[in-house]
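Structure, as structure tokens:
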Amino acid sequence: MTAPTTRRKAPVVPPQHGAWGFLGLPLLLGVAAGGWSAWLIPFAVAWVSAHPAGWAVTGLLTARRPSRFRRAALLWIPVCATAGAVVLSACPWLIWVLLGYLALFGVTLGFARARRERSMANDLVLIAECALLVPVVAGVAAGSQPWAAMTAAPVLAATVFTALALVGSTLHVKSLIRERANPAYTAAARAFSLAAVVATLALAMATGWWWPVAAFVLLAARGAWWHDPSWRPSRIGMVELAGLVSVATAGFLTF
């Protein structure tokens, strides 16, 4: 007699756990550079829930077993839509932001259909979405449109810091896991982390904003001395999360 098999429940969250840190960094830097508003609470709910909602929709449209994503879609799409409608009532200009992000989501769908979800190009789409969120957060906080908020030097700097931190983190993690047999990724990760230090140093010399330099020096040190492919993904993730927290902390100490 064979033992009865147990059916595993369909997942409701994406397996890419590192993405949560990517979602949090632009929110924090946007608040640090642009200020706070109570409208950012539903905005943050909509932004964070959009990630699993988008993952579920992508699965429904492109996966070989789309039924596995139905449970996640039924959970996250209503949460995202409800929170988004709340903040949209206060900031109608967000409809243009939504259309822009839907266009980027279309690019992500294209990568998923081609089975290239894990490619560096697809990662850069997520990084662009995160970096561009900084002026949107500042716009919601100020009650103005993001293109107006972008003209403020702290918001522009926070956008650049977000992009630098996330590109560097993506290269570093790929060099440790998926591309650990490819030395070109290790070299690229280290070169980019050093370039980020130079960029933040040049900005600090012009503005006096030195805390971000310290954060990116830590990230460069992580790439140079803590590059160990034998580490478990959970350990790598904790180090990356600490690095992103250092960037966010530098933002609050600076702006």
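The values are calculated or read from the model by the stated rules, or taken from the named source; none is laboratory data. All values reported here derive from a predicted model rather than from experimental measurement. Note: ideal-geometry Cβ built from the backbone for every residue, glycine included; neighbour counts use all protein chains shown. These area figures cover heavy atoms from the full protein model, side chains too; ligands, DNA and RNA do not enter into them. Shrake-Rupley method; radii C 1.70, N 1.55, O 1.52, S 1.80 Å.
A few points about this structure:
- Magnitude of the charge dipole for the chain, about its Cα centre and with charges confined to Cβ atoms of Lys, Arg (+1) and Asp, Glu (-1), is about 1280 debye.
- The length gained on full extension between H227 and R115, counted as 0.36 nm times the residue separation minus their Cα-Cα distance, comes to 37.5 nm.
- For the chain, the fraction of 1.4 Å probe accessible surface lying on carbon and sulfur atoms is 69 percent.
- Once each of the trypsin sites (Lys or Arg not before Pro) sitting in a DSSP loop with at most 16 other beta-carbon atoms within 10 Å is removed, the chain keeps 181-255 as its longest stretch.
- Legend: translational diffusion of the chain by Stokes-Einstein, Rh = Kirkwood radius over C-alpha pairs, 25 °C, 0.890 mPa s; D = 127 µm²/s.
- Translational diffusion of region 83-168, µm² s⁻¹ [Kirkwood Rh, Cα pairs; Stokes-Einstein; 37 °C; 0.692 mPa s]: 236 µm²/s
- Each residue of region 149-163 is assigned a 3J(HN,Hα), and the resulting list reads 5, 5, 6, 6, 4, x, 5, 4, 5, 5, 5, 5, 4, 4, 4 Hz, derived from the Karplus form 6.51 cos²θ - 1.76 cosθ + 1.60 (θ = phi - 60°), x at Gly and Pro.
- Rounded to the nearest 500, the helix-only mean residue ellipticity at 222 nm of the chain stands at -26000 deg cm²/dmol, with each DSSP H run of n ≥ 4 adding -39,500 (n - 2.57).
- From the alpha carbon centroid of region 81-105 to that of region 153-209 is 29 Å.
- Both radii come from the Cα set of region 183-255: Rg as radius of gyration, Rh as Kirkwood radius; their ratio Rg/Rh reads 1.02.
- Potential lengthening of the chain between A181 and A206 amounts to 5.0 nm, from the contour at 0.36 nm per residue minus the alpha-carbon distance.
- In Hz, Karplus ³J(HN,Hα) per residue of region 73-86 (6.51, -1.76, 1.60; θ = phi - 60°; x = Gly, Pro): 5, 5, 7, 8, 4, x, 4, 5, 5, 5, 5, x, 5, 4
- Region 1-160, accessible area per residue, ligands and nucleic acids excluded (1.4 Å, Å²): 53 Å²
- Accessible solvent surface per residue of region 195-235, calculated while the other protein chains remain in place, 1.4 angstrom probe, Å²: 62 Å²
- Among G18, A56, W96 - extreme Cα towards positive end, dipole of region 1-134, charges at beta-carbon: A56
- Cα shape, region 45-119, gyration tensor, a/c 1.5 rule: oblate
- Restricting region 198-238 to chymotrypsin sites (Phe, Trp or Tyr not before Pro) in coil, as DSSP defines it, with at most 14 other Cβ within 10 Å: W226
- Label-point separation in nm, T249 to V198, each point 7 Å along Cα→Cβ: 2.8 nm
- Distance between modelled label sites at A148 and I41, nm, 7 Å Cα→Cβ extension: 2.5 nm
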